[in-house]
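Read through the structure below, which is laid out as structure tokens, and then see the notes.
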Amino acid sequence: MHDFEKLGAFYLGKRYDSDADTLTDDLVLYDSKDLTTHAVIIGMTGSGKTGLGIGILEEAALDHIPVIAIDPKGDMGNLLLTFPKLKPDDFLPWINTRTASDKGQSPEEFAAGQAALWKKGLGEWGQTGKRIEQLRNNVDLAIYTPGSNSGLPISVLQSFSAPEQALIDDVDLYRERVQSTATGILTLLGIDADPVASREHILISRLLDNAWKSGRSLDVPSLIGEIQDPPITKVGVMNVDSFFPAKDRFALAMRLNNLLAAPGFEAWMQGEALNAKSLLYTEEGKPRISVMSIAHLDDSQRMFFVSMLLNEIIAWMRAQPGTSSLRAILYMDEIFGYLPPIANPPSKNLFLTLLKQARAYGLGLVLSTQNPVDLDYKGLSNTGTWFIGRMQTERDKARVMEGLEGASGGKFDKGAMERTIAGLGKRRFLLHNVHENEAVVFGTRWVMSYLAGPLTRDHIRTLMSKVRKQVAAAAKAVSKPKRKSKTMAPTLSPTIEQYFVPAYGEEIVYHPRLVAGGDIAFASARYNIEDERSVLHTVEFDTGPVAIDWDNAETLDCSISDLQKKGEEGATYADCVPAADNARAYAGWAKDYKRWLRQNENITLYRSKRFRLTSTAGETEGDFRARLQDAASEKRDLEIAKLRKRYGSKVATLEGRLMRAEQTVAVQKEQSTKKKLDTAISFGTAILGAVLGRKRITATSASKMGTAIKTAGSARKEAADVERAKATADKVRADIAALNEKLEDEIAALDTAFDAQTEELDEIVVRAKSTDIHVAVTGLVWLPYTNDEDGRLKPAW
């Protein structure tokens, strides 16, 4: 591990000396904590903007920081093209064969050349395959493709889920959630709706509001039904039919139905549900980089998906505790059209909400664009970091200068900034960070990911094929009945309670299982637990000597109150095994179920001795590990702040002494007649520079760590004075070297190399008392199934 990685610093590149037109050896490091005030990357096509963005996300991965990357162009999937061994065979599937042909090379020859190029490029920037391997170990990488199954599908339209009560209670956020969801739905239908004037928008907003405030989620079929037959009677003071006649509502419902019935649209309802937590962390709590590839979608579909995703991220964000450390990153590779200065698409207010509020929760936004003119710079005024690359037109430069000046807080040299930006070349960026005392021009480092260009759907399908197979295998592993069905339900003893799970779909086939459920209360004063849990389980009847084995039970995803007393008309029924009709056995199975609950339904807590933290009731091991990673980042940031404060004052004193000594030498040698004083200490790649960077303690050290004295005066000094000054300067440099060595020892002692995935946790099991377990239901339940397009049985509940 590099020293700067222990400090939570992102390695972006090396300082560029514009006067000498060359790269220096001084590393440009970026404090990850600064990203909580967000960043914007601006540069024309070919400026190296994508490479810089990928480099930032690579550094985040090395620091165990999860990322959601919205990818409208297809470039961010290159993050998955990381090859620790840097073998030609790794590069071969991803090379551009046409480029190889144009160079007169076979694909194998070109791949070997690319592998050698990447190995050489990484080596020149102090990186090896071990750093790539560390990146792959630290995070899980995935590409999602909404509306397509080329990558991992993600279900956006399966349900418009009701938000948490805390979000509903926040009037402003809740209003934005309702309005942006309604706008997104209408955008998908090609309707440009005004939230105030459009009756379509008002109706859908009211339907969402009515459902969500009653705790109901809406799916597309139910939304279509409620448009036709609204569960509300008035809109404002007007009757629903007067405000929006039934005939017109039917036309709107038909448009939504036609969209649902369109070929290929079922892909929007496949895959895992849109959930920010699962996009940021695996079930085990491992950080993820989730690339949301939307290059294959049209403009309205992109806007709909981005709006739904931002809504979900805001809901997740508001459920997190506050932190001053960087917890997660939301990256967008091209913000054009989503945060315009005048128009008001559904994404705009959501982005503005995140820009204003995400800092308090440790969520950093990185927004990139090659269209600097079409940006709401007022919205970006609170953005702390600006990466500015080469730009194409004077109009672009003028707009960027306007935005940069607004974000600078009054300390802004416009003329100097314009000259600096005008001299930028490819892969050179101006870094302007409000947390630092100076801007710096740097060349971006060589990225570890192979930049193959925009990935096609075939490329994505190849990358994600293994993961898709694992998901499919898991789905097939779900137990499904195989009995033949009849048009009449079997006749059972009247003393056996029978229940029906609500069915959705057509041609329903009911299959019998034993069902049991009730309530469990957990109490532990030692671990501060007062918790209640409702449970409902089903298990298949067996024809063997043991008819019921509760160890094979599965959780039924509904509540006892949802169970019905009769089935759907026209449904068919599978046969029951003889054990299901044994009425006397049900009481025994209920007792067995209670014992099984006592043993298996418990609260497992996890404890970290290192941080002296214990998980809460209901917090999974994965969630707790993610919390430990956040705690480690906060602890590290606090330690670095202490070091920066302690060593910063010492450096300021040494800097002043060196400044005076160098000035004496410079005056004697007549090295500056009109130049401004710009003395600083050159740390190179020293760890002292990594800690302090361009952050300084005193206002007098405005020139920071640089090269040497550049000023002069008119007076002369005696040669003896000069010699004394040289001796003083040498002494100060020696003191700086000693200070650097001391700091290196302190850094080595810091325990910041924390990986929550490898942390050993103690498990604490809290079980309920038998008297606190109440079995309320035991009986036979009919589970509804239907057939999919291939004739295979699938659950219909």
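Here are the numbers for the structure shown:
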{"quantity": "Calculated FRET value between D229 and A525, using beta carbons and R₀ = 60 Å, to 0.05", "calculated": "0.70"}
{"quantity": "Of K49/K120; K87/K119; K73/K130; K286/K609, those spanning more than 18 Å from alpha-carbon to alpha-carbon", "calculated": "K49/K120; K73/K130; K286/K609"}
{"quantity": "Solvent-accessible area of E744 with every protein chain in place, 1.4 Å probe, in Å² to the nearest 10", "calculated": "80"}
{"quantity": "Which of V67, V237 is most accessible, then next, and so on - probe 1.4 Å", "calculated": "V237, V67"}
{"quantity": "Charge dipole (the chain, unit charges on Cβ, about Cα centre) - positive-most of A343, I204, F754", "calculated": "F754"}
{"quantity": "With DNA, RNA and ligands ignored, accessible area of S32 (1.4 Å probe; Å², nearest 10)", "calculated": "0"}
{"quantity": "Of K33/K356; K277/K635; K277/K378, pairs whose Cα-Cα distance is over 20 Å", "calculated": "K277/K635; K277/K378"}
{"quantity": "Selected from W125, F243, S222, residue furthest toward positive end of dipole (the chain; charges at beta carbon)", "calculated": "W125"}
{"quantity": "Part-to-part distance (alpha-carbon centres) for the range 754-777 and the range 40-60, which is given in Å", "calculated": "44"}
{"quantity": "Estimated FRET transfer efficiency (W125, T572; beta-carbon r; R0 60 Å; 0.05)", "calculated": "0.35"}
{"quantity": "Principal-axis tilt of helix 299-318 within the chain, Cα atoms, nearest 10 degrees", "calculated": "90"}
{"quantity": "Rounded to 10°, Cα long-axis angle of helix 346-357 versus longest principal axis of the chain", "calculated": "60"}
{"quantity": "Inter-centroid distance (Cα atoms) of the range 68-98 relative to the range 160-185, Å", "calculated": "37"}
{"quantity": "Prolate/oblate/rounded call for the range 138-279, Cα gyration tensor, a/c under 1.5 rounded", "calculated": "oblate"}
{"quantity": "Centre separation in Å (Cα based) which lies between the range 217-259 and the range 561-599", "calculated": "39"}
{"quantity": "Dipole moment magnitude, nearest 20 debye, the range 293-433 about Cα centre, only Lys, Arg, Asp, Glu C-beta charged", "calculated": "460"}
{"quantity": "E405 - accessible surface, heavy atoms, 1.4 Å probe, Å² rounded to 10", "calculated": "90"}
{"quantity": "Whole-number percent relative contact order across the chain, with pairs defined as alpha carbons under 8 Å at least 6 apart", "calculated": "18"}
{"quantity": "Rounded to the nearest 20 debye, dipole of the chain from Cβ charges on Lys, Arg, Asp, Glu", "calculated": "2060"}
{"quantity": "Global form of the range 265-362, assessed from the alpha-carbon gyration tensor, a/c cut-off 1.5", "calculated": "oblate"}
{"quantity": "By accessible area with a 1.4 Å probe, ligands and nucleic acids excluded, highest first: order of E58, E438", "calculated": "E438, E58"}
{"quantity": "Candidate residues R131, R399: accessible-area rank, largest first, probe 1.4 Å", "calculated": "R399, R131"}
{"quantity": "Contour excess over end-to-end distance, with Cα ends at E272 and E532 and 0.36 nm allotted per residue", "calculated": "90.8 nm"}
{"quantity": "Shape category assigned to the range 73-146 from the gyration tensor of Cα positions, a/c cut at 1.5", "calculated": "oblate"}
{"quantity": "Charge dipole (the range 226-332, unit charges on Cβ, about Cα centre) - positive-most of S290, A261, G322", "calculated": "G322"}
{"quantity": "Rounded tilt (10° steps) of 107-124 against the dominant C-alpha axis of the chain", "calculated": "60"}
{"quantity": "About the Cα centre, charge dipole magnitude for the range 107-255 (Lys/Arg +1, Asp/Glu -1 at Cβ), debye", "calculated": "120"}
{"quantity": "Theoretical FRET efficiency, 1/(1+(r/R0)^6), r = Cβ-Cβ of E744 and S324, R0 25 Å, to 0.05", "calculated": "0.45"}
{"quantity": "Simple label model, 7 Å out from Cα along Cβ direction - I560 to S106, nm", "calculated": "7.2"}
{"quantity": "222 nm mean residue ellipticity, helices alone, for the chain (DSSP H n ≥ 4; -39,500 (n - 2.57); rounded to 500)", "calculated": "-12000 deg cm²/dmol"}
{"quantity": "With every protein chain in place, the range 247-300: carbon and sulfur % of accessible area (1.4 Å)", "calculated": "54"}
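The values are calculated or read from the model by the stated rules, or taken from the named source; none is laboratory data. Here the structure is a predicted model, which is why all the values come from computation and not from measurement. Glycine gets a Cβ as well: all are built from the backbone with ideal geometry, and neighbour counts include every protein chain shown. For the accessible areas, the whole protein counts, side chains as well, though only heavy atoms, and no ligand, DNA or RNA atoms are used. Shrake-Rupley method; radii C 1.70, N 1.55, O 1.52, S 1.80 Å.
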